[in-house]
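Values quoted throughout were computed directly from the atomic coordinates according to the rules given, and no laboratory measurement underlies them. Being a predicted model, the structure only gives us computed values, none of them experimental. Every residue, glycine as well, gets a Cβ built from its backbone with ideal geometry; the counts of neighbours run over all protein chains shown.
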Amino acid sequence: MLHSPSVHPPREKRPLKPCPIPGCEATVQRGRLMCLSHWTGLPHKLRSAVNESWRDFRRADVGEPRLFHLRRYNAAADAAVSAATACEERVP
Ligand SMILES: [Zn+2]
């Protein structure tokens, strides 16, 4: 058997997606809504709305309660992306 160096097999690599904020070229880790610099620039209220609705969604029972929480999460995520986008547009 060949000795292989300790590299992670490709399937364990966490896929990256682009940051949803227009003009941002950063990549976002799976499970994150946006890149770290945009995320940390958001007001605390928006960040906790996203985190809490996601947590509620994960804990919710399958079926209607899950859909309800998914909609809440989507609304919170949209608000966070809009706020970060608006923030970006204000920068000259
Ligand atoms: Zn970004």
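The table for this structure:
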read-out: Residue in segment 72-86 that is assigned to a loop (DSSP other than H, G, I, E, B), out of contact with any Lys or Arg (no Cβ under 8 Å at 6 or more places or on another chain) and touching a residue at least 12 places away in the same chain (Cβ under 8 Å) present; value: no
read-out: Filter result for Arg55 (farther than 19 Å from Leu16 by Cβ, under 11 Å from the mean Cα position of the chain (by Cα) and either part of a helix (DSSP H, G or I) or among the aliphatic types (A, V, I, L, M) (or both)); value: no
read-out: Top-ranked residue of segment 21-62 - restricted to ones that are basic (Lys, Arg) and within 16 Å of the ligand (Cβ to nearest atom), ranked as surrounded by the fewest Cβ atoms within 10 Å (Cβ to Cβ); value: Arg30
